[in-house]
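First comes the structure, then the notes that go with it.
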Amino acid sequence: MKVGLIGLGNMGSGMAANLLRGGHQVTVCNRTASKSQTLVAQGATRAAQIADACRGEAVITMLADDAAVEGVVFGHGGVIESLAKGAIHISSSTISVALSEKMGSAHAAKGQRFVSAPVFGRPEAAAAAKLFITVAGAPEAVEACTPLFDAIGQKTFRFGVNPAHATLVKLSGNFLISSVIEALGEAMALVGKAGLDQHQYLDFLTSTLFNAPVYKTYGGLIADKKFEPAGFAAPLGFKDNRLVLAAAETLRVPLPLASLIYNRFLTLLARGGESLDWSAFSQLAAEDAGQEALPARTL
């Protein structure tokens, strides 16, 4: 397929590279043009402007937050203005349910198609084409995008025709991951203060009832206190926490644990943790217990 990809951050770069490996014609667009150099060397075309990435059958947006997505989609010369009738906008960013609904309506009014396809996986999964993709949209549009999903991910899960539902699934999943981070942080603080080896404890957990990637990945980061470089930066995790709370408020669903995690993120950021991985808030439980947590420059 002829596809554009807008946003070459930690995730978008890996996705674009795998689209190229899958034989697709890829045009890449990024605010910092230098980030496209490696991909151009691999066969991609660099877009001088957003419109140039919207000339094909589909365009994927992989951007940091609602503000970035709105600017690219609704701004002058953006996706809405540039995408042809019948072409597909695939939104892989983690955004609000409200923005997903807004984009769906706007694309329909222009005769364009919209598919929400946020992904689960850290940058290393994006680079290895091992993402899990949650998709919602018109069945024929989703079918048309299947070759793209096959190139970037290991499995695609469909959640019906309403694009906002895939967005909500993504937000709920990130809420669950942050809940695991909080629980692991508390458990590690407990055994650590008792003098147990946290790596041995983690090996026990992940060899028995908690033999799951989320416990292995984040448990390892927590035990190693390896929060730099950030695979997923703390401000982005905080953003997703706010979005899931907003969705819950709209649906009148109390999320007490999400509210606790909101304050964990706020504390981490208030103490200088902007550059750290989002899992760094796990160390606040250790600090509450009177243990050394993150370096003094951060906490």
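The values are calculated or read from the model by the stated rules, or taken from the named source; none is laboratory data. In this text the structure is predicted, and so the values were computed from the model without any measurement. A quick note on method: Cβ atoms are made from the backbone with ideal geometry, for glycine too, and the neighbour counts reach across all protein chains shown.
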Report task. Kindly establish whether N30 is touching a strand residue (DSSP E or B) at 6+ places or on another chain (Cβ under 8 Å) and touching a residue at least 24 places away in the same chain (Cβ under 8 Å). Result -> yes
Report summary line: Within region 2-12, the residues that are on the phi < 0 side of the Ramachandran plot and either of a type in the set (A, V, I, L, M, F, W, C) or surrounded by 22 or more Cβ atoms within 10 Å (Cβ to Cβ) (or both) are V3, G4, L5, I6, L8, M11, G12
Requested in this report: Would you mind stating whether F232 is surrounded by fewer than 22 Cβ atoms within 10 Å (Cβ to Cβ) and either out of contact with any helix residue (DSSP H, G or I) (no Cβ under 6 Å at 6 or more places or on another chain) or under 25 Å from L63 (Cα atoms) (or both)?
Outcome: yes
Requested in this report: From S100, S105, grab the single residue that is surrounded by fewer than 20 Cβ atoms within 10 Å (Cβ to Cβ), over 26 Å from L39 (Cα atoms) and of a type in the set (S, T, Y).
Outcome: S105
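Anything in region 30-56 that is surrounded by 15 or more Cβ atoms within 10 Å (Cβ to Cβ), under 18 Å from A151 (Cβ atoms) and touching a helix residue (DSSP H, G or I) at 6+ places or on another chain (Cβ under 7 Å)? List them, or say none. Before the answer, list the steps.
Filtering region 30-56 down to residues surrounded by 15 or more Cβ atoms within 10 Å (Cβ to Cβ) leaves 30, 35-36, 39, 44-47, 50-56.
From what's left, under 18 Å from A151 (Cβ atoms): 39, 44-45, 53, 56.
Hits for region 30-56 are L39, A44.
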Requested in this report: Would you be able to say whether some residue in region 182-193 is among the small types (G, A, S), touching a residue at least 60 places away in the same chain (Cβ under 8 Å) and more than 30 Å from V97 (Cα to Cα)?
Outcome: yes
Report task. Look at T94 and say whether it is in contact with an Asp or Glu (Cβ under 6 Å, 6 or more places away or on another chain) and under 24 Å from Q154 (Cα atoms). Result -> yes
Query raised in the report: For region 1-77, which fully contained helices (runs of 4 or more DSSP H) count at least 1 residues that are among the polar types (S, T, N, Q) and more than 22 Å from S105 (Cβ to Cβ)?
Result: 12-21, 37-41
Query - Members of region 32-47 that are among the β-branched types (V, I, T) and under 23 Å from the mean Cα position of the chain (by Cα) - result: T32, T38
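Residues in region 265-280 that are over 18 Å from the mean Cα position of the chain (by Cα) and closer than 24 Å to N10 by Cα: how many?
5
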Query raised in the report: Looking at region 203-285, what helices (runs of 4 or more DSSP H) fall wholly within it and have at least 2 residues that are assigned by TED's automatic domain parsing to the domain that holds R122?
Result: none
Report summary line: Here the residues within region 143-184 that are under 21 Å from A58 (Cβ atoms), of a type in the set (V, I, T) and crowded, with 22+ Cβ neighbours inside 10 Å are I152, T167
Report summary line: Of the conditions (1) part of a helix (DSSP H, G or I); (2) of a type outside the set (K, R); (3) in contact (Cβ under 8 Å) with a residue 60 or more places away in the chain, the single one that A106 does not satisfy is (3)
